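Working notes, beginning with the structure itself.
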Amino acid sequence: MPNNDFWIKDLNLAPKGTSELDTAMIEMVGLERAVEYFRDKRPLEGARITGCVTVTKETGIFIRALKTLGAKVRWCSDNRYAINDAVSATLATEGIPIFGVANQSEEEYYKCMQYAMRFLDEQKRYIGPTQIIDDGADLTSYLVRYAPSYFDSVIGITEQTTCGINEVKRIITSSDQPPTAIININDAFAKKNFDNYYGVRESLIYALQKAIGLQFSGKNFIVYGYGPVGKGCLEAIKALGGHGFVVETDILKAVEAHMNGFIIVSRKEALSIGQVFLTATGCVNVISKEEILQMQDGAILCNIGHGNSEFDYLGILNSQVISKRQVNTHVMELCLSSMKRVFILCQGALVNMIAGPGNPPMVMSMTFISHLLAQMDIFNNPSKYSEPKIYECGEDFSRKVMRFVFPKIANKLYDLNEEQKLYLNFPEDLTEEDHFL
């Protein structure tokens, strides 16, 4: 079980983790610029932040940034399969309490959440965090169900995923309000249109090639969901010669996919033509075990949405399988009859996080700068977030993020003259301080 300092696989992995962090830093210079800009002010001095985001090399850089700017940080993972044990070891050697190892049990997963919440005050008594950084609302929903008293100390949460915001909305539906202020990082322009779209456009390719050596060209890919994640996947599929088909529930998204050159199919049609099935919805039970039984021999199923509940892997495994075979670390072959087999990738969990390293460092830096700015604002301006509700990030928020990540582009932007500003009802010029706080 974890102790109060950390629970990791092996401290001897730290040198490997350090190398991975150094590599990630090459493309996360935007986050480094943000840290340098705020370093002397230490705007998170006195903050106690619990993070529940998958421990990757990119996450490690972000955790270091929070600590550099003054925060006390304790961390666990929202994904019990995909933790980077080497990065965790490096952070532990740097004095950062971090909890979780790759492929931990469900019991261990929740135990790590508990330990990540336990800060110590000056009298060595347990005290909760002032803020939470969450992914999928995993920690938020756990606390709502089992330890709501922790919210007494929490002044705000930043949430970075679609399914997380959806989970918060379910919490609101059942209890009339969220447990505290929640800033919607997921729908910020700098996150949704980069991490969700450009990130998976690359990480999907890497993951499928590594897991199963898949050739994209000529294959029929069925993508469930045409949100930013589904769009990114389909663009990658099309670029490599795959045939992209879309299953959607929303007429607006379906028509958008149609106008972008993808074929809209019904759930029934998808089963007869699909060779690779990819869920990208953030929902549950998108593909049922009955539908899996109707797929053609050799069908491949994978998920890039959230968790491992988008298709009924356990249902088919426990009730319909004649035999099973572990092809490699990431691929399970299930024989459904003497004439039919299907291949399940990563037990239905996130294929790009488990078979691959997750989304690339540059887009992740945009997401983490978004968290950073929001966390600083919560801590330094708590009166703005006194009402327990979901707070949205406007476009100006994302412009601040982009100025850190792409300063050369920012310096080339066209400046409106006074006549143009008046015509467009443009706001007064922002000071440098306004740009970043």
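The values are calculated or read from the model by the stated rules, or taken from the named source; none is laboratory data. Only a predicted model underlies this, so the values are computations on that prediction, with no experimental measurement involved. Glycine gets a Cβ as well: all are built from the backbone with ideal geometry, and neighbour counts include every protein chain shown. Note: accessible area is taken over every heavy atom of the protein model, side chains too, but ligands, DNA and RNA are not part of it. Shrake-Rupley method; radii C 1.70, N 1.55, O 1.52, S 1.80 Å.
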- Note on the structure: When restricted to Ile98, Ile132, the only residue in contact (Cβ under 8 Å) with a residue 12 or more places away in the chain, closer than 19 Å to Glu387 by Cβ and either β-branched (Val, Ile, Thr) or surrounded by fewer than 21 Cβ atoms within 10 Å (Cβ to Cβ) (or both) is Ile132
- All but one of (1) polar (S, T, N, Q); (2) open to solvent by 30 Å² or more (accessible area, probe 1.4 Å); (3) modelled with pLDDT of 95 or more hold for Thr279, so report the exception by its number. (2)
- Query: Only one of (1) out of contact with any Cys (no Cβ under 9 Å at 6 or more places or on another chain); (2) free of Cβ contacts under 8 Å to residues at least 24 places away in the same chain is not met by Arg325, so which one is it?
  - Reply: (1)
- Message: For the condition outside any loop (DSSP other than H, G, I, E, B), of a type in the set (Lys, Arg), touching a residue at least 24 places away in the same chain (Cβ under 8 Å) and touching a helix residue (DSSP H, G or I) at 6+ places or on another chain (Cβ under 7 Å), what is the one hit in Arg64, Arg33?
- Response: Arg33
- Query: For Cys112, all conditions in the list (1) at pLDDT 95 or above; (2) open to solvent by less than 20 Å² (accessible area, probe 1.4 Å); (3) touching a helix residue (DSSP H, G or I) at 6+ places or on another chain (Cβ under 9 Å); (4) not aliphatic (A, V, I, L, M) hold save one; what is the number of the exception?
  - Reply: (3)
- Could you say which residue among Lys421, Lys389, Lys408 is basic (Lys, Arg), more than 20 Å from the chain's Cα centre (by Cα) and open to solvent by 100 Å² or more (accessible area, probe 1.4 Å)? Lys408
- Task: Within region 219-227, identify whether any single residue is among the polar types (S, T, N, Q), in a loop (DSSP other than H, G, I, E, B) and open to solvent by 20 Å² or more (accessible area, probe 1.4 Å), and answer yes or no.
- Result: no
- Picked from region 322-339 (must be in a loop (DSSP other than H, G, I, E, B) and closer than 26 Å to Asp78 by Cβ), the residue farthest from the chain's Cα centre (by Cα) is Thr329
- State all residues of region 377-386 that are assigned to a helix (DSSP H, G or I), touching a residue at least 40 places away in the same chain (Cβ under 8 Å) and open to solvent by 10 Å² or more (accessible area, probe 1.4 Å); if no residue qualifies, say none. Asp377, Phe379, Asn380, Pro382, Tyr385
- Message: If I filter region 47-61 down to residues being assigned to a loop (DSSP other than H, G, I, E, B) and in contact with a Ser or Thr (Cβ under 8 Å, 6 or more places away or on another chain), which single residue comes out as farthest from Ile98 (Cα to Cα)?
- Response: Ala47
- Message: Among the residues that make up region 207-214, is at least one of them buried (at least 24 other Cβ atoms within 10 Å of the Cβ) and over 30 Å from Asn381 (Cα atoms)?
- Response: yes
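To keep it simple, each residue is scored yes or no on (1) open to solvent by 20 Å² or more (accessible area, probe 1.4 Å); (2) part of a loop (DSSP other than H, G, I, E, B); (3) over 19 Å from Ile132 (Cβ atoms).
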position: Arg341; (1), (2), (3): yes, no, yes
position: Ile344; (1), (2), (3): no, no, yes
position: Gly356; (1), (2), (3): no, yes, yes
position: Ser365; (1), (2), (3): no, no, yes
position: Leu372; (1), (2), (3): no, no, no
- Query: Any chance region 158-170 includes a residue that's free of Cβ contacts under 8 Å to residues at least 24 places away in the same chain, out of contact with any Asp or Glu (no Cβ under 9 Å at 6 or more places or on another chain) and either open to solvent by 50 Å² or more (accessible area, probe 1.4 Å) or not in a strand (DSSP E or B) (or both)?
  - Reply: yes
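Residues are listed down the side, and each one gets a yes or a no for (1) closer than 20 Å to Thr367 by Cα; (2) among the acidic types (Asp, Glu); (3) open to solvent by less than 70 Å² (accessible area, probe 1.4 Å); (4) more than 21 Å from the chain's Cα centre (by Cα):
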| site | (1), (2), (3), (4) |
| --- | --- |
| Pro15 | no, no, no, yes |
| Glu20 | yes, yes, yes, no |
| Phe38 | yes, no, yes, yes |
| Leu44 | yes, no, yes, yes |
| Thr54 | yes, no, yes, no |
- Query: Among the numbered criteria (1) surrounded by 19 or more Cβ atoms within 10 Å (Cβ to Cβ); (2) part of a loop (DSSP other than H, G, I, E, B); (3) polar (S, T, N, Q), which single criterion is violated by Thr140?
  - Reply: (2)
- Kindly provide the set of residues from region 143-155 that are without any contact (Cβ under 8 Å) to a residue 24 or more places away in the chain and either open to solvent by less than 60 Å² (accessible area, probe 1.4 Å) or within 23 Å of the chain's Cα centre (by Cα) (or both), ordered by number. Arg145
- Kindly indicate which of Ile263, Ile251, Ile300 is more than 23 Å from Leu350 (Cβ to Cβ) and surrounded by 14 or more Cβ atoms within 10 Å (Cβ to Cβ). Ile263
